[in-house]
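For reference, the structure discussed in these notes is given below.
The values are calculated or read from the model by the stated rules, or taken from the named source; none is laboratory data. Given the structure is predicted, the values throughout are model-derived calculations rather than measurements. Heads up, the Cβs are rebuilt from the backbone with ideal geometry, glycines too, and the neighbour counts pull from every protein chain shown.
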(Lines give C-alpha, C1' and ligand atoms only; values in the text may rest on other atoms or scores of the structure.)
Protein backbone atom coordinates (compact mmCIF):
# COMPACT_ATOMS: atom_id res chain seq x y z
CA UNK A 1 0.00 0.00 0.00
CA UNK A 2 1.36 3.42 -1.00
CA UNK A 3 2.03 5.75 1.86
CA UNK A 4 1.11 9.46 1.84
CA UNK A 5 4.18 11.60 1.49
CA UNK A 6 3.73 14.44 3.97
CA UNK A 7 6.24 16.59 2.11
CA UNK A 8 4.21 16.49 -1.16
CA UNK A 9 1.52 18.82 0.27
CA UNK A 10 2.42 22.14 1.87
CA UNK A 11 0.12 23.93 4.29
CA UNK A 12 -0.80 26.71 1.78
CA UNK A 13 -1.52 24.05 -0.84
CA UNK A 14 -3.89 22.19 1.50
CA UNK A 15 -5.68 25.42 2.41
CA UNK A 16 -6.09 26.31 -1.26
CA UNK A 17 -7.52 22.87 -2.03
CA UNK A 18 -9.99 23.15 0.84
CA UNK A 19 -11.07 26.61 -0.30
CA UNK A 20 -11.65 25.35 -3.84
CA UNK A 21 -13.84 22.51 -2.56
CA UNK A 22 -15.76 24.91 -0.31
CA UNK A 23 -16.46 27.49 -3.01
CA UNK A 24 -17.39 24.84 -5.56
CA UNK A 25 -20.33 23.89 -3.32
CA UNK A 26 -21.61 27.46 -3.00
CA UNK A 27 -24.48 28.58 -5.24
CA UNK A 28 -23.48 30.76 -8.17
CA UNK A 29 -23.80 34.45 -7.31
CA UNK A 30 -26.13 35.99 -9.86
CA UNK A 31 -24.77 39.04 -11.62
CA UNK A 32 -26.54 41.75 -13.56
CA UNK A 33 -29.72 40.69 -15.36
CA UNK A 34 -32.45 42.58 -17.18
CA UNK A 35 -35.93 41.28 -17.86
CA UNK A 36 -38.91 42.37 -19.94
CA UNK A 37 -41.31 40.21 -17.93
CA UNK A 38 -42.95 36.83 -18.43
CA UNK A 39 -44.61 37.93 -21.69
CA UNK A 40 -42.10 38.74 -24.42
CA UNK A 41 -44.54 40.34 -26.87
CA UNK A 42 -47.67 42.46 -27.05
CA UNK A 43 -50.37 43.18 -29.62
CA UNK A 44 -51.66 46.77 -29.61
CA UNK A 45 -53.98 48.86 -31.72
CA UNK A 46 -52.74 51.50 -34.12
CA UNK A 47 -52.79 54.91 -32.39
CA UNK A 48 -52.69 53.54 -28.84
CA UNK A 49 -49.99 53.86 -26.19
CA UNK A 50 -48.00 50.85 -25.01
CA UNK A 51 -45.72 50.13 -22.09
CA UNK A 52 -42.34 48.61 -22.88
CA UNK A 53 -41.41 46.98 -19.56
CA UNK A 54 -37.89 46.36 -18.29
CA UNK A 55 -36.32 45.79 -14.87
CA UNK A 56 -32.78 45.09 -13.76
CA UNK A 57 -31.36 43.11 -10.83
CA UNK A 58 -27.95 42.42 -9.34
CA UNK A 59 -27.02 40.58 -6.15
CA UNK A 60 -23.68 42.38 -6.10
CA UNK A 61 -25.14 45.88 -6.33
CA UNK A 62 -24.79 48.65 -8.88
CA UNK A 63 -22.61 51.72 -9.42
CA UNK A 64 -23.21 54.07 -12.33
CA UNK A 65 -25.44 51.53 -14.06
CA UNK A 66 -25.85 52.41 -17.72
CA UNK A 67 -29.06 51.42 -19.53
CA UNK A 68 -30.64 52.07 -22.91
CA UNK A 69 -33.59 51.22 -25.15
CA UNK A 70 -33.08 50.45 -28.85
CA UNK A 71 -35.47 49.73 -31.69
CA UNK A 72 -34.33 47.02 -34.08
CA UNK A 73 -35.15 48.63 -37.43
CA UNK A 74 -34.49 45.88 -39.99
CA UNK A 75 -31.09 45.07 -38.50
CA UNK A 76 -30.02 48.61 -37.61
CA UNK A 77 -30.51 49.72 -34.01
CA UNK A 78 -32.16 53.07 -33.38
CA UNK A 79 -31.52 54.44 -29.88
CA UNK A 80 -34.72 55.59 -28.17
CA UNK A 81 -33.34 56.65 -24.80
CA UNK A 82 -30.49 55.98 -22.39
CA UNK A 83 -29.51 56.89 -18.86
CA UNK A 84 -27.40 56.25 -15.79
CA UNK A 85 -28.42 55.12 -12.31
CA UNK A 86 -25.65 56.52 -10.05
CA UNK A 87 -26.19 54.12 -7.14
CA UNK A 88 -28.80 52.07 -5.30
CA UNK A 89 -31.84 54.21 -4.55
CA UNK A 90 -30.65 57.19 -6.61
CA UNK A 91 -32.85 58.60 -9.36
CA UNK A 92 -31.89 57.80 -12.92
CA UNK A 93 -30.52 60.51 -15.19
CA UNK A 94 -32.27 59.89 -18.51
CA UNK A 95 -31.85 61.29 -22.00
CA UNK A 96 -34.83 60.66 -24.32
CA UNK A 97 -33.94 60.63 -28.01
CA UNK A 98 -37.36 59.77 -29.52
CA UNK A 99 -40.28 62.26 -29.59
CA UNK A 100 -42.89 59.66 -28.56
CA UNK A 101 -40.88 57.91 -25.85
CA UNK A 102 -41.47 58.68 -22.16
CA UNK A 103 -39.36 57.22 -19.35
CA UNK A 104 -41.65 55.91 -16.58
CA UNK A 105 -39.18 53.84 -14.58
CA UNK A 106 -38.49 54.08 -10.88
CA UNK A 107 -35.10 53.36 -9.32
CA UNK A 108 -36.75 52.09 -6.13
CA UNK A 109 -38.19 49.15 -8.06
CA UNK A 110 -35.18 48.73 -10.37
CA UNK A 111 -37.60 49.74 -13.12
CA UNK A 112 -36.34 51.22 -16.39
CA UNK A 113 -39.55 50.89 -18.43
CA UNK A 114 -40.69 53.35 -21.09
CA UNK A 115 -43.96 54.35 -22.76
CA UNK A 116 -44.35 54.59 -26.52
CA UNK A 117 -47.11 57.04 -27.42
CA UNK A 118 -49.43 57.01 -30.47
CA UNK A 119 -47.96 53.92 -32.08
CA UNK A 120 -48.09 53.39 -35.82
CA UNK A 121 -47.53 50.38 -38.04
CA UNK A 122 -43.96 51.60 -38.55
CA UNK A 123 -43.34 51.06 -34.83
CA UNK A 124 -43.92 47.33 -35.08
CA UNK A 125 -40.86 45.23 -34.31
CA UNK A 126 -38.31 44.35 -31.65
CA UNK A 127 -37.37 46.66 -28.77
CA UNK A 128 -34.19 45.91 -26.82
CA UNK A 129 -33.52 46.85 -23.20
CA UNK A 130 -29.79 46.92 -22.36
CA UNK A 131 -27.88 47.50 -19.12
CA UNK A 132 -24.19 47.59 -18.11
CA UNK A 133 -22.83 47.64 -14.57
CA UNK A 134 -19.27 48.97 -14.02
CA UNK A 135 -19.30 47.51 -10.49
CA UNK A 136 -19.27 44.02 -12.03
CA UNK A 137 -16.34 44.70 -14.35
CA UNK A 138 -18.78 46.19 -16.87
CA UNK A 139 -20.92 43.09 -17.06
CA UNK A 140 -23.85 43.69 -19.43
CA UNK A 141 -27.13 42.01 -20.23
CA UNK A 142 -30.09 42.64 -22.54
CA UNK A 143 -33.65 41.47 -23.14
CA UNK A 144 -36.04 42.07 -26.03
CA UNK A 145 -39.74 42.85 -26.33
CA UNK A 146 -41.72 42.50 -29.56
CA UNK A 147 -44.55 44.85 -30.52
CA UNK A 148 -47.27 43.91 -33.03
CA UNK A 149 -49.53 46.70 -34.33
CA UNK A 150 -53.05 45.86 -35.58
CA UNK A 151 -56.12 47.74 -36.88
CA UNK A 152 -58.39 46.16 -34.29
CA UNK A 153 -58.00 43.65 -31.53
CA UNK A 154 -58.90 40.09 -32.41
CA UNK A 155 -62.11 38.79 -30.92
CA UNK A 156 -61.57 35.74 -28.80
CA UNK A 157 -63.91 32.86 -29.58
CA UNK A 158 -65.45 31.93 -26.24
CA UNK A 159 -67.86 29.31 -27.63
CA UNK A 160 -65.97 26.39 -26.10
CA UNK A 161 -65.69 28.19 -22.76
CA UNK A 162 -69.44 28.93 -22.74
CA UNK A 163 -70.24 25.27 -23.53
CA UNK A 164 -67.96 24.00 -20.75
CA UNK A 165 -69.39 26.47 -18.22
CA UNK A 166 -72.95 25.56 -19.24
CA UNK A 167 -72.29 21.84 -18.91
CA UNK A 168 -70.61 22.29 -15.53
CA UNK A 169 -73.47 24.49 -14.36
CA UNK A 170 -76.01 21.90 -15.46
CA UNK A 171 -74.16 19.09 -13.70
CA UNK A 172 -73.83 21.11 -10.50
CA UNK A 173 -77.54 22.02 -10.64
CA UNK A 174 -78.51 18.38 -11.16
CA UNK A 175 -76.37 17.30 -8.21
CA UNK A 176 -78.02 19.93 -6.01
CA UNK A 177 -81.52 18.80 -7.08
CA UNK A 178 -80.65 15.15 -6.37
CA UNK A 179 -79.30 16.06 -2.93
CA UNK A 180 -82.45 18.07 -2.10
CA UNK A 181 -84.73 15.22 -3.21
CA UNK A 182 -82.66 12.74 -1.20
CA UNK A 183 -82.91 14.93 1.91
CA UNK A 184 -86.71 15.23 1.51
CA UNK A 185 -87.13 11.47 1.03
CA UNK A 186 -84.98 10.72 4.09
CA UNK A 187 -86.95 13.23 6.15
CA UNK A 188 -90.27 11.70 4.97
CA UNK A 189 -89.11 8.17 5.79
CA UNK A 190 -87.96 9.25 9.25
CA UNK A 191 -91.35 10.84 9.97
CA UNK A 192 -93.18 7.73 8.72
CA UNK A 193 -90.98 5.51 10.88
CA UNK A 194 -91.73 7.66 13.94
CA UNK A 195 -95.48 7.36 13.26
CA UNK A 196 -95.19 3.57 12.99
CA UNK A 197 -93.32 3.42 16.30
CA UNK A 198 -95.97 5.58 18.02
CA UNK A 199 -98.72 3.35 16.62
CA UNK A 200 -97.01 0.20 17.92
CA UNK A 201 -96.53 1.74 21.37
CA UNK A 202 -100.17 2.82 21.56
CA UNK A 203 -101.42 -0.58 20.39
CA UNK A 204 -99.26 -2.36 22.97
CA UNK A 205 -100.59 -0.09 25.74
CA UNK A 206 -104.16 -0.75 24.75
CA UNK A 207 -103.66 -4.54 24.81
CA UNK A 208 -102.18 -4.43 28.28
CA UNK A 209 -105.06 -2.29 29.57
CA UNK A 210 -107.70 -4.58 28.16
CA UNK A 211 -106.04 -7.68 29.55
CA UNK A 212 -105.85 -6.12 33.03
CA UNK A 213 -109.51 -5.15 33.10
CA UNK A 214 -110.65 -8.61 32.04
CA UNK A 215 -108.62 -10.27 34.75
CA UNK A 216 -110.03 -7.97 37.42
CA UNK A 217 -113.59 -8.78 36.45
CA UNK A 218 -112.93 -12.50 36.53
CA UNK A 219 -111.40 -12.24 39.97
CA UNK A 220 -114.37 -10.27 41.30
CA UNK A 221 -116.84 -12.88 40.06
CA UNK A 222 -114.97 -15.73 41.66
CA UNK A 223 -114.79 -14.23 45.14
CA UNK A 224 -117.25 -15.96 47.56
CA UNK A 225 -119.60 -13.86 49.64
CA UNK A 226 -119.06 -13.76 53.37
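Per-structure values
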quantity	calculated
The lone exception for residue 8 - which of (1) at pLDDT 95 or above; (2) in a loop (DSSP other than H, G, I, E, B) it fails	(1)
Count of the stretch 43-80 residues which are in a strand (DSSP E or B), under 30 Å from the mean Cα position of the chain (by Cα) and on the phi > 0 side of the Ramachandran plot	0
Single residue of the stretch 107-123 satisfying the filter (farther than 13 Å from residue 52 by Cα and surrounded by 13 or more Cβ atoms within 10 Å (Cβ to Cβ)) that is modelled with the highest pLDDT	110
Selected residue [farther than 15 Å from residue 140 by Cβ and modelled with pLDDT of 95 or more] from 26, 51, 19	51
